[in-house]
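Trainee: What follows is a structure written as structure tokens; I'll ask about it next.
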Amino acid sequence: MVKPGQVLKVEKLEGEVGDKVSFDQVLLWMEAEGQVEVGFPTIAGKAVPAEIMVQGHERTVRVVKYKSKVRYHKVYGNRQRFTQVKILVEGEVSKKKAVKAEKAEKTEKTVKPAAKKKTARKTTKKAE
């Protein structure tokens, strides 16, 4: 659960500092009055807007591989990249996006296999 003004550290997202991003795959939505809406699997028409605050790296994580008696010794390091975002005022996606999402869900459910086209055989006249 997130609230407006909350700062989160998430896995690296594309974008520059100051760019706006929208998390549109919302699984659970709770209104201020306590009403809860659960998606199956997501809620169409809902999104959580956010602003990118920092693009950075974590501290180096050292990975050591060692086998005794065979002189095998390897050391690797990894700096995981992250994006720090600030949650803006929660809002609904524009109606166009909501309608597109609903249409996509309907088409997934009612996809029919394409009928085979009948083609006429072409007859050729033999040259005499």
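Bear in mind these aren't lab numbers, they're just calculated from the coordinates by the rules spelled out. Note that the structure is predicted; figures quoted are calculated from it, not measured. Note that we place each Cβ from the backbone using ideal geometry, even for glycine, and neighbour counts take in every protein chain shown.
Trainee: Given a Förster distance of 41 Å, report the FRET efficiency between THR60 and GLU33 from their Cβ-Cβ distance, rounded to the nearest 0.05.
Mentor: FRET efficiency, THR60 to GLU33: 0.30.
Trainee: For LYS74 and VAL10, FRET efficiency with R0 = 41 Å and r from the beta-carbon atoms, rounded to 0.05? Could the numbers behind the result be given before it?
Mentor: Values: r = 31 Å, r/R0 = 0.75.
Computed FRET efficiency for VAL10 and LYS74: 0.85.
Trainee: Report the per residue volume, in Å³, of the convex hull enclosing the C-alpha atoms of segment 7-98.
Mentor: About 168 Å³ per residue, rounded to a whole number.
Trainee: Moving to a separate point now. For segment 48-62, take each phi angle, set θ = phi - 60°, evaluate the Karplus expression 6.51 cos²θ - 1.76 cosθ + 1.60, and give the result in whole Hz per residue in order, putting x for glycine and proline.
Mentor: Coupling constants for segment 48-62: 10, x, 8, 10, 6, 9, 9, 10, x, 10, 7, 5, 5, 9, 8 Hz.
Trainee: By per-residue mean of other Cβ atoms within 10 Å, what is the highest-first order of 39-45, 55-61, 80-86? Working shown, then result.
Mentor: Working: 39-45: 13.3, 55-61: 11.4, 80-86: 17.0.
Most protected by this proxy first, the peptides run 80-86, 39-45, 55-61.
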